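Notes to accompany the following structure.
The values are calculated or read from the model by the stated rules, or taken from the named source; none is laboratory data. Not measured: the values here are computed from a predicted model. So basically every Cβ, Gly included, is an ideal-geometry build from the backbone, and we count neighbours across all protein chains shown. Each accessible area value is taken on the protein alone, full model and side chains, heavy atoms only, with ligands, DNA and RNA left out. Shrake-Rupley method; radii C 1.70, N 1.55, O 1.52, S 1.80 Å.
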Amino acid sequence: MSVRLVFLGRLAEVVGASAREVAPGALADLLRDLPEGLLGPRVKLALNGVLVQAEGLVLAPGDELAFLPPVSGG
């Protein structure tokens with residue numbers, strides 16, 4: 001079973017896809033295969049619908065991790 005990474009908004013353009021299936025494991029290891037700078041200081045992460053911090057995050061089989069771009073107001 002894999003982990004689903006979901007890239008929202010402009011982050012989908014950075015990665016070149018709106019989603020990607022990867023093997024479970026530490027987020028730090030998974031980021032090596034993704035474009036540099038994906039985790040900017042204003043990018044939020046949601047693991048299975050709950051906001052989380054990237055530091056020390058380990059993804060288990062069946063998890064979904066969403067990368068949320070900064071929100072602009074107006």
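When the residues of segment 38-70 are filtered to those that are modelled with pLDDT under 95 and out of contact with any strand residue (DSSP E or B) (no Cβ under 9 Å at 6 or more places or on another chain), the one that is least open to solvent (accessible area, probe 1.4 Å) is Gly40. Just so you know, in segment 1-37 the residues that are assigned to a strand (DSSP E or B), open to solvent by less than 70 Å² (accessible area, probe 1.4 Å) and in contact (Cβ under 8 Å) with a residue 60 or more places away in the chain include one that is farthest from Glu64 (Cα to Cα), and it is Phe7. Out of segment 38-55, which residues are farther than 16 Å from Leu8 by Cα and in contact (Cβ under 8 Å) with a residue 24 or more places away in the chain? Result: Ala54, single match.
For segment 45-63, does any single residue satisfy the condition of being in a strand (DSSP E or B), touching a Pro at 6+ places or on another chain (Cβ under 6 Å) and not acidic (Asp, Glu)?
yes
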